[in-house]
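The values are calculated or read from the model by the stated rules, or taken from the named source; none is laboratory data. Keep in mind that what you see is a predicted model, and the values were worked out from it rather than measured. Note that each Cβ is placed from the backbone with ideal geometry, even for glycine, and that neighbours are counted across all protein chains shown. Keep in mind that these areas ignore ligands, DNA and RNA; they rest on the heavy atoms of the full protein, side chains included. Shrake-Rupley method; radii C 1.70, N 1.55, O 1.52, S 1.80 Å.
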Amino acid sequence: MSDVLEIHQFPCLSDNYGVLIHDPKTNATASIDAPDADAVNTALVEKGWSLTHILTTHHHADHTGGNLALKEAHGCTIIGPKPEQGKIPGIDTAVGQGDTVNFGGHTARIFETPGHTAGHISYLFEGAGVAFVGDTLFALGCGRLFEGTAQQMWSSLQKIMQWPSDTVIYAGHEYTLSNAAFALTVDPDNAALKTRADEISVLRAADKPTLPTTLALELATNPFLRASDPDLRATLGMSDAADWEVFAEVRRRKDSA
Ligand code: ZN
Ligand code: FE
């Protein structure tokens, strides 16, 4: 938790977050995904930063739609998931599980976290204590299983659950208010969740972001990470099921909520 990484988060499109990270020593600046080139450019001007990198989490258009325009304007280097490299516009460097990315002297470890898409990756900057998980994990939620199975997503989430618990986590979307309402239906007696749901209502009523979050807070309150919790399992009537099956049931209920 020693390296200084300046971080600027801004809402864009309908419910996406754009994030810029900046190293003040080298002036390197990366956009985490590129939901919208105009919104990223506006944020760059606001901060007085020039774009050197785009760190892509997955191929969906609301995460890569700005790639080509930003590359043309800034000549930035685009890094993205090896398993999806054919679907990432303008990609220069493809990375996978166990690779590291050097950004302005900071090291990001790459974790393959498939489930939402087949090749989704997450970036952990352990020295700075921050991570970018795209549409794998959300505040009180997780990504929909468009290209993967519940078992695959559960093993992806387990990778994230092993990171340092004080890791600050940035995610792709502001879905937290509806996630909180759902979380309370499967984990109704969780006092930490009830407190958090109240705080989220206040934040969203004032149009304030509920992200970033921390891994510790998600471990305590996010039902998609709590498949081993005895109370949640009892609520679902799944006390003897495997953890991944409990996860799958939580995901199934959220999909039909
Ligand atoms: Zn997505
Ligand atoms: Fe998305």
- request: Please give the calculated 222 nm ellipticity per residue for the chain, where each DSSP H segment of at least 4 residues contributes -39500 (n - 2.57) and the sum is spread over every residue; nearest 500 deg cm²/dmol?
  value: -10000 deg cm²/dmol
field: In degrees, nearest ten, helix 37-47 long axis to first principal axis of the chain (Cα)
entry: 80 degrees
task: Can you send over the carbon and sulfur percentage of the accessible area for the chain, probe radius 1.4 Å, protein chains only?
output: 50 percent
message: Students often get this wrong, so check it: of Lys47/Lys208; Lys82/Lys159; Lys82/Lys254; Lys47/Lys82; Lys47/Lys71; Lys25/Lys159, which have C-alpha atoms separated by over 25 Å?
response: Lys82/Lys254; Lys47/Lys82; Lys25/Lys159
field: Between helix 150-161 and the chain: long-axis angle, C-alpha atoms, 0 to 90°, nearest 10
entry: 70 degrees
- request: Report Rg/Rh for segment 1-71, rounded to two decimals, where Rg is the Cα radius of gyration and Rh the Kirkwood radius.
  value: 0.96
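Just to confirm a number: summing +1 for Lys and Arg and -1 for Asp and Glu over residues other than Ile91 whose beta-carbon lies under 11 angstrom from that of Ile91, what do you get? Intermediate values should be presented prior to the final figure.
Details: positive: Lys71, Lys82, Lys87; negative: Glu84, Asp92.
Around Ile91, the charge tally is +1.
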- request: Report the accessible area of Glu245, computed with a 1.4 Å probe over the heavy atoms of all protein chains in place, in Å² rounded to the nearest 10.
  value: 80 Å²
query: Could you give the radius of gyration (one decimal) and Dmax (whole number) of the Cα atoms in segment 132-213, in Å?
result: 13.2, 37
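Relative contact order for the chain using alpha-carbon pairs under 8 Å, separation at least 6, rounded to a whole percent?
On the way: 536 pairs, mean separation 34.0, N = 257.
Worked out over the chain, it gives 13 percent.
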task: For segment 35-84 and segment 177-215, compute the distance between their C-alpha centroids and round to whole Å.
output: 30 Å
statement: So the pair-distance distribution of segment 160-253, from every Cα-Cα distance in 10 Å bins, comes to percents of 16, 47, 33, 5, 0
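Using 0.36 nm per residue of separation minus the Cα-Cα distance, give me the extension gain between Ala234 and Ser165 in nm, one decimal.
Details: separation 69, 0.36 × 69 = 24.84 nm, distance 2.57 nm.
Result for the pair: 22.3 nm of gain on full extension.
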task: Mind checking the full-extension length gain between Thr107 and Ala73? Use 0.36 nm per residue of separation minus the Cα-Cα distance, one decimal, nm.
output: 9.7 nm
query: Cα-Cα pairs above 30 Å in the chain: how many percent?
result: 25 percent
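Defining a contact as two alpha carbons under 8 Å apart and six or more residues distant in sequence, what relative contact order in percent does segment 105-190 show? Write down the numbers at each step before the final one.
Values: 139 pairs, mean separation 25.8, N = 86.
That works out to 30 percent.
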